[in-house]
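Engineer: This is the structure I want to talk about, given as structure tokens.
Values in this text are rule-based calculations from the coordinates and carry no lab data. Just so you know, these numbers come straight off a predicted model, no measurement behind them. All Cβ positions, glycine included, derive from the backbone under ideal geometry; neighbour counts span all protein chains shown.
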Amino acid sequence: MTTLPLAVAKVEDRPDDSVTDHHARQTYREPTSNVGRLPELALVMAVGSALIAIAFAGARYSRPWAGHLYLFGQIVVYASPAAFLLLRKRVRAMEAVGIAVLMPVTTFLINQYYSPGQFRFLDEFEHVQTAQTILATHHLFQANTILPQSPQYPGLEIITTNIASITHLSITAAGLIVAGVAHVLVGVAFYFLVLEISARPRLAAVAVVVYATGSHYQFFDSYFIYETVAIPFLLLSLLATVKMMKSRGPVAIGWGGVAVACGAVTAVCHHVTSYALIGLLLAFVVGQMLLPSSARSRGVLVVFFAVLAIVGMWDLGVATSTFEYFRPVVSSLLHIPSLGGGGTTVKQKTGITGQPPYFQTLAVYGAFLILLALTLFGAWKVWFSRRAYTNGAAIGFGVASFSLFVVLVLRVVATNGSEISNRALTFILIPVSFVSALVLVDQSVFRRPVAKHRIDARGPVRLTLVSTLVVVCLAVGGIASGWPTYYARLPGPYEVAAWERSVDYHTLDTAQWFAKYVPRDQGVASDYWTEGIVSALGYQAEPNNIAGLFLPTKYASAQNNVAKVNRVSFIVADTRITKQLPASGYLFEADPERGLYTTPLPAQSLAKFNDIPGVSRVYDDGTIVVYEIIGSQYLK
Amino acid sequence: MPPRSDLTLLAISAVCIVVAALSSNEVIDVIAGLPLTAYLPGVALVSIIAPQRHYANAVERQVWIVGASFGLSVLGGILLNLVGGLTRSSWLIWIASVIVVSVALKQVLARRFSGHPTELMSVSASGHGVADSRPGLTTATVQVREDPVSSRVTLRQVILLLAAGAVCVAAMVLSIHTNAVTTKESFVQAWVLPRPTDDVASTSVQLGLQNNSGERRTYLVDVNVGSIPTRVFSVLLDNGASWTQVITRRPGERVESTVYGLVKPWGEIVLAKVYLATPVA
């Protein structure tokens, strides 16, 4: 058995030596148990989350104070752990790990306060279809009518259907359990990853809080979508890799195996997350190269190539539609129409609708600038202290944190830059949170890892107050740029083209009707949100480029061509799009009127379908009407 | 003879599997099924590589246990897909196999290492991020270990934690209530479809109605088929219930159905109108 050096200095349990004043020593009362002040913090964070729940309740009744209360609740949720970690003289290990648990638990509760026990995001319904198909056929890799990649990365659905089939819970209930557990795992696994690298519980917990300020952390990354369950395995793979780098002999081999196994699960769960894992492992390899040769671990290279091979084999052998999936994204990044980006290659127009309030844009870019500054200082701090590290993880994170600058460029330059950068931040914030936490905790760029028990000690009070404020600013910026977007940030009545606010019983029941009475894989044309729900839960195909069917007020041969080319069999007309402006600024995926709507769509745009010879009005619920156009002249 | 912890694991697993296999009660299914899917397989696997339960590792150990359970679930899903399918019984067999094999493997490894099984994770809570060979930095290699003597939780802390839980429960109840009240919809779904659906000229047509008004309601359904006089159906439906009626027509003949509500506040207001048009020749 390999014996590893185990020092047992209990840094966190030792009073800070800055407390030299006798009076201060006397008045500083120690908590009497290991959990320290964690219960007090838990209560404060619970109150913060409850304020958000009250704000959501107010928003459902259109109360004007809801927005302000929501923001105040969010500040409480983020400021309390940040202040706790940065202002306290000592932070016990249990307090630090407790915060790593409380942060994801609280944010997942906020997610559930928004939409208790219900899915409300379009992508979630796509994965529901895959899970339903697995339960019905008892087999994987069956076709998904709307997201072909979903059954090719079935990790989320396998775990969910495992729970559903054994417990008889619904897919929604089982999915919420899986998403919730995965969300908590992310927080705690990231804590242990940073702890493993730094041996500093305070730093690790601050890194978790900084990571939690990410724009997609609170909602998007805890939705029932495939990356939710992949991210914890990415972190566990990194954690095992770091443990491997610090070990020797069979123990190192064991941890290497665990790292590869976790990487394999990541590959089965989500494409982008597996690529992010490869990128971070590569950063570790680079970090290793910057160490003296005696301190390098060849195991990192082995893990890197093993994970790379597994991801490559999965993507080339099983998930064969991944390239097609990314082609439009690459096209939009490179502005190459020949790659098939279609309408997405055109830079989005802005107009009266779909334009966020200016103070929100200010908060987003302000937070981004703070993050850039923290990254620069943190990366420099890692470089400054590089000789002190025995493995490449910290240096690797320092290197990887510079990818934040790539994200900034993408955000400014690329089509859909905001969305792409927000999605990328989920992964880039892993190294960025680490280096940012170094700056926030140490409040000094040039401070080397110090000896003895001062390693995780608190800095000067004024600077820690600034650090706490910085975390709050990051949180506000993350919320401003995050999900749900500003028009759906608070729950409330149905709104047209407003993501979570565009899901109600009319759309859900229409989708159920399709699933029950209409054969699968028919082309269903509608506004983007209704089409997405009906296609996902109703097992129908989702044609693109169908704006031309809806925008004109008369049905002519051009509309016939649109229907024919896109193999449209049914038109789902949600009459609310003729009564409200689209909140997001567009009604269709490729909408020529994007950002230009000043009035709702004319009622005749939908009423015209009543007058087309051979078109049947097969469904009506008073709000949504479905037309079957198979009998019309376009097929003749 | 396996140690007591392994026997306990095997016993708990066996009870959960038997209960999950035989029970038809939803609550019992959840109580027995959740540990089986999200915890016990991970306990079995982690116990192979981390047989010792250090107090300082407790939280991290739970992370690995849950992660291992999820990971084994993914592996099991892929394997079961190759050998018959992901059914309830096959999942139970997979979980039982994982637990038994893990315990057996642990025993084999324990014997091989002369009673000292691999202690892969026993060092996991130690942070060696800083060079422990350098002067002045050795104390930075910290093992985060809490003092067992002070591991108790005081009554005040318990009360505070309960208060935090109560606040969250109250917030969730508020959210559930306001969400249910404000998203309540009252409508009826009406439809008419040729059977089969893609045969637009079919002589067989299905009429349908589903009550989503939130209460029991009576509807009048007027049906016109070509030149045949109007037929009226009076349909009484509970909330969530549906009604279907198959009627016949000449090939491609127009069928029109209008749904009226009979109960206030709708009165005679038309609630829905559907029709099958004559297909274009």
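Engineer: Looking at the protein assembly as shown only, what percent of DSSP beta bridges run antiparallel? Nearest 5 please.
Structural biologist: Taking every DSSP beta bridge with both residues in the protein assembly as shown, the antiparallel ones total about 95 percent.
Engineer: Here's another thing I want to ask about it. Considering only A:T107, A:L438, B:L162, whose Cα is most displaced toward the positive end of the charge dipole of the protein assembly as shown, charges sitting on Cβ of Lys, Arg (+1) and Asp, Glu (-1)?
Structural biologist: The residue sitting farthest along the positive end of the dipole is A:L438.
Engineer: Here is a follow-up. Quick check: Cα centre of the range A:210-233 to Cα centre of the range A:279-308, how many Å?
Structural biologist: One Cα centre to the other: 26 Å.
Engineer: So how tilted is helix A:271-289 from the main axis of chain A? Cα-based, degrees 0 to 90, rounded to 10.
Structural biologist: Value to nearest ten degrees: 30.
Engineer: Which entries in A:K554/B:K273; A:K579/B:K273; A:K564/A:K608; A:K89/A:K246; A:K516/A:K579 show an alpha-carbon gap greater than 23 Å?
Structural biologist: A:K89/A:K246; A:K516/A:K579
Engineer: Also, quick follow-up: Where does chain A land at 222 nm, in deg cm²/dmol rounded to the nearest 500, when only DSSP H runs of n ≥ 4 count, each adding -39500 (n - 2.57), divided by all residues? Working shown, then result.
Structural biologist: Working: 23 runs with 368 residues, N = 636.
-19000 deg cm²/dmol, from helical runs alone.
Engineer: Give the residue list of trypsin sites (Lys or Arg not before Pro) in the range A:485-568 that are DSSP loop and have at most 11 other beta-carbon atoms within 10 angstrom.
Structural biologist: Details: sites: A:R489, A:R501, A:K516, A:R520, A:K554, A:K564, A:R567; in loops: A:R489, A:R520, A:K554, A:R567.
Passing both the DSSP loop test and the Cβ count: A:K554.
Engineer: With +1 on the Cβ of every Lys and Arg and -1 on the Cβ of every Asp and Glu, and nothing else charged, how large is the dipole of the protein assembly as shown about its Cα centre, in debye rounded to the nearest 20?
Structural biologist: On the way: 67 positive and 53 negative charges, 505 e Å.
The dipole magnitude comes to about 2420 debye.
Engineer: Continuing with the same structure: Along the charge dipole of the range B:187-276, which of B:Q206, B:S234, B:V188 sits closest to the positive end, that is, farthest toward it, with unit charges on the beta carbon of Lys, Arg, Asp and Glu (+1, +1, -1, -1)?
Structural biologist: The listed residue farthest towards the positive side: B:S234.
Engineer: How high is the relative contact order of chain A, given as a whole-number percent (alpha carbon pairs under 8 Å, six or more residues apart)?
Structural biologist: Details: 1144 pairs, mean separation 100.5, N = 636.
Averaging sequence separation for qualifying contacts and normalising by length gives 16 percent for chain A.
Engineer: Nearest 20 debye, what's the magnitude of the dipole of the range A:175-318 about its Cα centre given +1 on Lys and Arg Cβ and -1 on Asp and Glu Cβ? Before the final figure, lay out each step's value.
Structural biologist: On the way: 7 positive and 4 negative charges, 125 e Å.
Here the size comes out at about 600 debye.
Engineer: For the range B:4-124, build the charge dipole from Cβ charges (+1 Lys, Arg; -1 Asp, Glu) around the Cα centre, then report which of B:S69, B:V98, B:V108 sits farthest towards its positive end.
Structural biologist: Working it through, the farthest residue towards the positive pole turns out to be B:V108.
Engineer: Between the range B:228-249 and the range A:108-154, what's the alpha-carbon centroid distance in Å?
Structural biologist: 34 Å
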